Structure formats: C-alpha cells, structure tokens
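Trainee: Okay, here's the structure, questions in a sec.
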Amino acid sequence: MIPALMPTYNRADLAFERGEGAWLWTTDGRRYLDFGAGIATSSIGHGHPHLTRTIAEQAAKVMHVSNLYRVPQAEQLAARHVAASFADSVFFCNSGAEANEGMVKAVRKYHAENGSPDRFGVICFEGAFHGRTLGMLSATGNEKYLAGFGPAVQGFTHVPFGNMNAVRDAITPGIGGIMIEPVQGEGGVRPADLRFLQELRAVCDEYGLLLALDEVQTGMGRSGKLWAHQWAGIEPDVMSAAKGIGGGFPLGAVMAKEKVAKHLKPGTHGTTYGGGPLACAAGNAVLDVILADGFLAQVDGIARKLWHGFLALQAANPDIIEDVRGAGLLLGLKLRPEFSNGDAQTAAVAEGLLTVAAGMNVLRVAPPLIIGEAEVDTALEMLERMCRRLRPSQAQAAAK
Ligand SMILES: *Cc1c(COP(=O)(O)O)cnc(C)c1O
C-alpha cells in the first residue's frame, strides 16, 4: 500500500526530534553532526536562540496578512538586502523554484517592455539545477527530471558549463538572458571559474542580455561572502535566493536592479504567502547574525580550514577520493568510480555525520555557517573513518 506521505523521496531511516547548532538528535536519542544543514538551508544552525525567539514572538503577534497590506517586516528585510547587495529592489516568495520562476519572468518582462517580446530565451548550463516547477525543470534541462511530464516549457537553451564559445554560439536574436549558478550545487558542487562569470557579465553587456544568477544554494554567506558572485567582482542584473536566507524557515527572494524591477508593476507577479510577517521576521533574524561584524570573515576562515582538511583527507585516501571541489562552506568530495556517493553517505551516517549526495558522484558537505574548529576536526575524523568503512567492503569484494 502506498505510504500516506507521498513517496517522492528515498529517505534515510532517521527522524530528528531536536537540534542545537550543528548537531541533531534522533527520536531514539542518537546524535549526528549535521554537515548537510537540510541541503544548505539551516544556515545559522539548529535552534539558534535569536531566530527561534524572533519566530515565536512574531507568530504570537501576527503570522499572515497577505500582500494586500503593507508588511513592515518585509519592507525592512528588503531595505537591508538592498543596502547589502547589488540589488535595488526585492520580491519575496517561498522557495528557490518560485524565486527562479520570478527571475525568469523578470528577464522576459524586461525585454517585452523594451520592445522585444520575442527575446524570451534564456541560456542555461548543462548540469544546472533550478527547481522542480514545470518552468524550472525546463531551465534545469535534466532529461531524468523532465521524463513523463509532457512538453518542456519553451525558451531554455543549454550549453556546456564553463564554455564561453558555446555561450556565444547560443546567442541568437531570441535570447534575453543567461542564467547560472556560481557553483552548481545539485549538479556536483562544480564552481564556475571566476573568469567565466566575468566573461558572462561582459557578453551580457555586449548583447544587451540580462545576467540572472541562481544563488539559491551559494548565497547568504555560504561562499564566505554574502553572495558568491562577489568573489568574481561582478554584479548580476537579477538574482534568486532561498535556502539559507530563512535559516530553515521557507523564504525565497528575487533581487533585481531597478531597470529590471521597475517593470514588475502591480498585477504582473504575485504570491499569497510570499513576504509575510513571519517569514520576513525570520529573514531579518538570519540577517542579523550573518551581517554581524566578523561573521563572514569567520565563515571564510573556517571554510579554508575545512578545505585544507579535505585536501589532507584526499591525500590520505587517494584510492577513494578523486577530487576536492567547491567554494566556502559548499564543498564536495568527488569519489572514484569504484565507490558511490550513496554508499559514502550511508557510511558517513554510520559514523554520525550527515552529508548530502550531489551529481557526478560527489559527496556534498554544506554545514551550518556557525560551525567552529572543533566541529570541523570532528567531521574530518568521521570522514576518515568513513573512508575506512568504504575500503574493507572493496577488499571483501575483491577476495570473493
Ligand atoms: C535547491 C535549489 C533550487 C530549488 O529550491 P526549492 O526551494 O527546492 O524550490 C533552485 N536552485 C538551486 C541552485 C538550488 O540549489
């Protein structure tokens, strides 16, 4: 019989009842070090007192009023994001896919309002992940995810990640923008070269295209800067955010330059829940933590420690780990083909460490941004033991 909870996920047999910082406890009392952070989402850790208190207090005051009224928490959060970023204006929604939908609509609307309604095409990249709505499945372009869901939404062209010649070849009169993750998360923790991002910015300027960045996974401090594109010294025209910006409370955002945002007039785009008092109170609390003096420098420092630890782990286990990749606290261990990232994930769980699988046989590590040195050391020890766990099964298989 089908489970009451629709079986769209292969779930690990773990149920968590409580969390504190980077640690989670199961209902039967076992403790895990959470280096997955609910897929790069619990940005300031579990049970952060400032976030939980803010949410509890706001919930008791007023949770939802709709966008028929002013929402001071949203006005404040938008103003703070504008002050801290390239953006002039922010639209709040509830998820990454919804933010990306809004972003692509903004790109299309910009050209339509500028007299080119046929310029609705967006260049996307092989290995991308932009979400699970019909539109974002098409932007993602992964045949596996699209299969069985009828015709793809028109207007998305895919080219190899990092290939500037292919990008140039794909620019036709119908193209209005380029959409990219600064680090492909689901696709295998693959960072774009900073040079490539700079070249995309230049080609967008050359052809009048909009540069649309999907920073749903890379944003909100995960890279060691507030937004990952800052490492490249460029600014997008429009950007999506979600995951970490609510610290675990559902919150998404489309952030845009004025020239883009000004066309999203009343009635052009909307959401019932988006930008509500509760989600925006949570967003403000997360921002309080991440914008506090020294916080991002601390993330950058701890990320470098983890990176060096991973390089040492690879050096000690070259038979298992093929590559270390990523940026900031979004890192991946690419495993040799003899080992699967699923088996590695299971072995890590057996050692008490939560990670997330990603494409290209990569074990993804995306801890809460609040981790300290002790947690990095503990995770590295657990990963070393994970490698040992993976190895004997190989030896046994060879002996058979
Ligand atoms: C997770 C993710 C999305 C989708 O976000 P949802 O909140 O699951 O809709 C989109 N883009 C990127 C880069 C992501 O990592």
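The values are calculated or read from the model by the stated rules, or taken from the named source; none is laboratory data. It should be emphasised that the depicted structure is a prediction, and the values quoted were computed from it without experimental measurement. Note that each Cβ is placed from the backbone with ideal geometry, even for glycine, and that neighbours are counted across all protein chains shown.
Trainee: Could you list, in sequence order, the residues of the stretch 54-70 that are touching a residue at least 40 places away in the same chain (Cβ under 8 Å) and closer than 16 Å to Thr271 by Cβ?
Mentor: Correct list: Met63, His64, Val65, Ser66, Asn67.
Trainee: If we keep just the residues of the stretch 192-215 that are within 13 Å of the ligand (Cβ to nearest atom) and either out of contact with any Asp or Glu (no Cβ under 8 Å at 6 or more places or on another chain) or not in a loop (DSSP other than H, G, I, E, B) (or both), which is nearest to Ala170 (Cα to Cα)?
Mentor: Taking the stretch 192-215 first, the residues within 13 Å of the ligand (Cβ to nearest atom) are 192, 212-215.
Next, from what is left, pick out any that are either out of contact with any Asp or Glu (no Cβ under 8 Å at 6 or more places or on another chain) or not in a loop (DSSP other than H, G, I, E, B) (or both): 212-214.
On the way: Ala212: 16, Leu213: 18, Asp214: 20 Å.
Looking at the filtered set, the residue picked out is Ala212.
Trainee: Tell me which strands (runs of 3 or more DSSP E) are completely within the stretch 306-400 and hold 2 or more residues being crowded, with 17+ Cβ neighbours inside 10 Å and touching a Leu at 6+ places or on another chain (Cβ under 6 Å), or say none if there are none.
Mentor: Once the strands (runs of 3 or more DSSP E) in the stretch 306-400 are filtered for at least 2 residues that are crowded, with 17+ Cβ neighbours inside 10 Å and touching a Leu at 6+ places or on another chain (Cβ under 6 Å), what remains is 321-327, 362-365.
Trainee: Could you figure out which of (1) buried (at least 18 other Cβ atoms within 10 Å of the Cβ); (2) under 28 Å from Asp323 (Cα atoms) isn't true of Cys204?
Mentor: It fails just one condition, (2).
Trainee: Let me ask another. Out of all the residues in the stretch 112-129, which are more than 16 Å from Lys265 (Cβ to Cβ) and either assigned to a helix (DSSP H, G or I) or hydroxyl-bearing (Ser, Thr, Tyr) (or both)?
Mentor: Scanning the stretch 112-129 gives a single hit, Ser116.
Trainee: Do we have any residue at all in the stretch 159-166 that's at positive phi and either out of contact with any helix residue (DSSP H, G or I) (no Cβ under 6 Å at 6 or more places or on another chain) or charged (D, E, K, R) (or both)?
Mentor: Within the stretch 159-166 (the criterion being at positive phi and either out of contact with any helix residue (DSSP H, G or I) (no Cβ under 6 Å at 6 or more places or on another chain) or charged (D, E, K, R) (or both)), the answer is no, since none of the residues qualifies.
Trainee: Can you tell me how many residues in the stretch 123-142 are touching a residue at least 24 places away in the same chain (Cβ under 8 Å) and within 14 Å of the ligand (Cβ to nearest atom)? Steps first, answer last, please.
Mentor: Here is the first cut: in the stretch 123-142, the ones touching a residue at least 24 places away in the same chain (Cβ under 8 Å) are 123-133, 135-136, 139.
Those left that are additionally within 14 Å of the ligand (Cβ to nearest atom): 124-125, 127-133, 135-136, 139.
Selection size over the stretch 123-142: 12.
Trainee: Say we look at the stretch 309-328 and pick out the residues that are of a type in the set (D, E, K, R) and touching a residue at least 60 places away in the same chain (Cβ under 8 Å); which of these is nearest to Gly219 (Cα to Cα)?
Mentor: Per the stated criteria, the residue is Arg325.
Trainee: If I ask for residues that are under 20 Å from Ala170 (Cβ atoms) and away from the ligand (no atom under 11 Å from the Cβ), which ones from the stretch 96-116 would you list?
Mentor: Of everything in the stretch 96-116, those that are under 20 Å from Ala170 (Cβ atoms) and away from the ligand (no atom under 11 Å from the Cβ) turn out to be Val104, Val107, Arg108, Tyr110, His111, Ser116.
Trainee: Pairs, please: C-beta under 9 Å, at least 6 apart or cross-chain, first residue outside the structural domain of Arg388 (by TED's automatic domain parsing) and in the stretch 348-366, second modelled with pLDDT of 95 or more?
Mentor: The qualifying pairs do not exist here.
Trainee: Pairs under 7 Å by beta carbon, first residue closer than 23 Å to Thr346 by Cα in the stretch 1-18, partner part of a loop (DSSP other than H, G, I, E, B) and not acidic (Asp, Glu), six or more apart or different chains?
Mentor: Ala15/Thr27; Glu17/Thr27
Trainee: Take the residues of the stretch 216-251 that are under 11 Å from the mean Cα position of the chain (by Cα) and assigned to a strand (DSSP E or B): which is nearest to the ligand (Cβ to nearest atom)?
Mentor: Out of the qualifying residues, it is Ser240.
Trainee: Of all residues being closer than 24 Å to Ala37 by Cα and touching a strand residue (DSSP E or B) at 6+ places or on another chain (Cβ under 7 Å) in the stretch 47-84, which is surrounded by the most Cβ atoms within 10 Å (Cβ to Cβ)? Just the residue, please.
Mentor: Among residues in the stretch 47-84 that are closer than 24 Å to Ala37 by Cα and touching a strand residue (DSSP E or B) at 6+ places or on another chain (Cβ under 7 Å), the one surrounded by the most Cβ atoms within 10 Å (Cβ to Cβ) is His81.
Trainee: Now, a different point. Can you tell me which residue within the stretch 213-256, out of those that are polar (S, T, N, Q) and in contact with a Gly (Cβ under 9 Å, 6 or more places away or on another chain), is farthest from Gly328 (Cα to Cα)?
Mentor: For the stretch 213-256, the residue satisfying everything is Ser240.
Each row is one residue, and each column tells you yes or no for (1) under 24 Å from the mean Cα position of the chain (by Cα); (2) among the charged types (D, E, K, R); (3) part of a loop (DSSP other than H, G, I, E, B); (4) away from the ligand (no atom under 14 Å from the Cβ).
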{"residue": "Gly150", "(1), (2), (3), (4)": "no, no, yes, yes"}
{"residue": "Ala166", "(1), (2), (3), (4)": "no, no, no, yes"}
{"residue": "Gly177", "(1), (2), (3), (4)": "yes, no, no, yes"}
{"residue": "Gly188", "(1), (2), (3), (4)": "yes, no, yes, no"}
